[in-house]
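Scroll down for the structure; my scribbles are underneath it.
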Amino acid sequence: MPHLVSRKLPLALLAVAAVLVLTACGNKPKISTVGETEGTYLNVGPLTYQVQISRQLNPYDIEDQTYLQGIRPFQAKLAKGQTWFGIFLRVANETKQTHPAANDFVITDTQDDTYFPVPQAPQNHFSYQGGLVPPNGLIPPVNSVASEGVIQGSLVLFKLPVSALDNRPLEFVVTDQLQNKGRVSLDV
């Protein structure tokens, strides 16, 4: 009988170990290149992109004024029928090498209209600047103003016609330097 018990114990330990391994795998977020909604982790090349939130920005709101600082004067005015639209993005490098972050972003609507970001000054602590992401690094960097803010993302700023908000779903497309793409539907 002792021989039978000694055989069952290793098998029981092996079964428990297998359950623990499978359970740990279930905690990982799903990685893909297409997201049905904001918050999805997009695998674009070696980096992971996540839209924290997207929303219209009000230039008369104190918080939103901060996000809009540093726009060139000729771009600062909205034409009739335009609105500011912000996408707050987080980028993670979970590899052991430095990689360049994407700087090619567009929004498309259901009418196949394409919108490009408005360049922002690097002095704006919330603006997305891209650059190199170190191993296990983030954009926005840990302990930066943007990472410590309520949204915890760097701003990619657009001017959109208000009519585009009716042509939903809007889709945000990220393209890296090697032409890897990720896309996510925006919650407008």
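What follows is calculated from the coordinates using simple rules that are stated; it is not laboratory data. Since the structure is predicted, the reported quantities are computational estimates derived from the model, not experimental observations. Positions of Cβ are generated from backbone atoms using ideal geometry, with glycine treated the same way; all protein chains shown enter the neighbour counts.
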Write down, largest first, the equivalent ellipsoid semi-axes of the stretch 69-186 in whole Å, where each equals the square root of 5 times an eigenvalue of the alpha-carbon gyration tensor. 25, 18, 12
Can you compute the charge dipole magnitude of the stretch 29-185 about its Cα centre, using +1 on each Lys and Arg Cβ and -1 on each Asp and Glu Cβ, nothing else charged? Give it in debye, rounded to the nearest 20. 220
